[in-house]
Amino acid sequence: MLGCCLELSFWLFLLEMIVLEKFGHLVTGTEAYIHLLLPRVSYLTLVTDKVKKHFQKVMRQEDISEIWFEYEGTPLKWHYPIGLLFDLLASSSALPWNITVHFKSFPEKDLLHCPSKDAIEAHFMSCMKEADALKHKSQVINEMQKKDHKQLWMGLQNDRFDQFWAINRKLMEYPAEENGFRYIPFRIYQTTTERPFIQKLFRPVAADGQLHTLGDLLKEVCPSAVAPEDGERKNQVMIHGIEPMLETPLQWLSEHLSYPDNFLHISIIPQPTD
């Protein structure tokens, strides 16, 4: 019961955002922003219709092509969850999070095109299938019917936790004798490198039966994120906007702090200096 309450809590985390249009494409005297409250677990591309509807009425049609978003000069990847984008780029900023919407000059080198919501759904389901391949050799996701896959997506798209969790709980189970998943689906992101993310095979349980922790994972795959015992802490390790203790078992984190795509999205960001 506690676990389900935790997942619901993270699902209900909302991010206050102001989406600005500040490049002079609007008709004089009209509002240049829209104020939104968005789930951290969702995707920016799921609100593009709402943003377009707000601005389209007051924009010249020749100024509208493909919509995209940026924050302080950084294009925002539509296939990253909103909460991950905020943790990675703006976690030390005060809310509301001010981002800018663009309707032309799409940054081909920085972003993937997103022609429709079908593309978002396809990306999301691809991530879920990859996660289950790591956890259960794809056995759970492959045993589901097509309507179950659709229910997962519709639950996320429509912000319905109960609809989503009724199916997703099956992906979080494992035989008691195995003590955890086969491998932990995770991705580690850093602002200080051009590499999109780090992803490797990592088991939740060591050969001697001891549970691996978040600290164990970081020491093996991203040692620069962990401060030496007698050294100064230089980084924050964030998941869902919080800093879990490095002693937290990785299996527990995977079960309760994974995003809806079933991955642990871990942000490594420089420690604030103020």
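The values are calculated or read from the model by the stated rules, or taken from the named source; none is laboratory data. Owing to the predicted nature of the structure, the values given are computational and were not obtained by experimental measurement. Don't worry about glycine lacking a Cβ; one is built from the backbone with ideal geometry, like all the others, and counts go over all protein chains shown. Each accessible area value is taken on the protein alone, full model and side chains, heavy atoms only, with ligands, DNA and RNA left out. Shrake-Rupley method; radii C 1.70, N 1.55, O 1.52, S 1.80 Å.
So what's the gap between the Cα centers of segment 86-126 and segment 179-247, to the nearest angstrom?
The distance from the Cα centre of segment 86-126 to that of segment 179-247 comes to 25 Å.
Using θ = phi - 60° and the Karplus relation 6.51 cos²θ - 1.76 cosθ + 1.60, list the HN-Hα couplings for segment 182-196 in order, rounded to whole Hz, with x at every Gly or Pro.
Values per residue, Gly and Pro as x: 5, 9, 8, x, 8, 9, 10, 10, 9, 7, 9, 9, 7, 5, x Hz.
Within the chain, what whole-number % of the accessible surface is contributed by carbon and sulfur, with the 1.4 Å probe and all protein chains included in the calculation? Display every interim value, and only then the final one.
Numbers: 7290 of 14180 Å².
Accessible surface attributable to carbon and sulfur in the chain totals 51 percent.
Using amide H atoms built 1.01 Å from N in the peptide plane, name the residues 5+ places from L15, or on other chains, whose amide H lies under 5 Å from its own.
Those qualifying (amide H under 5 Å, at least 5 residues apart or on another chain) are L38, R40.
Two decimals, Cα atoms only, Kirkwood Rh: what is Rg/Rh over the chain?
0.99
With every protein chain left in place, what is the accessible area per residue of the chain in square angstrom, probe 1.4 Å?
Details: 14180 Å² over 274 residues.
Roughly 52 Å² per residue, with all protein chains present.
Quick one: of K57/K104; K50/K104; K77/K109; K53/K150; K150/K200; K77/K117, which pairs are farther than 21 Å apart, Cα to Cα?
Working: K57/K104 16 Å; K50/K104 17 Å; K77/K109 12 Å; K53/K150 26 Å; K150/K200 28 Å; K77/K117 15 Å.
Checking Cα-Cα distances, K53/K150; K150/K200 exceed 21 Å.
Please report the base-10 log of the normalised intensity I(q)/I(0) for segment 190-274, using a Debye sum with one equal scatterer per alpha carbon and no solvent, at each q in 0.15 (1/Å).
-0.57
Give, rounded to the nearest 20 debye, the magnitude of the charge dipole that the chain has about its Cα centre when Lys and Arg contribute +1 at Cβ and Asp and Glu contribute -1 at Cβ. Write down the numbers at each step before the final one.
Numbers: 28 positive and 36 negative charges, 166 e Å.
It comes to approximately 800 debye.
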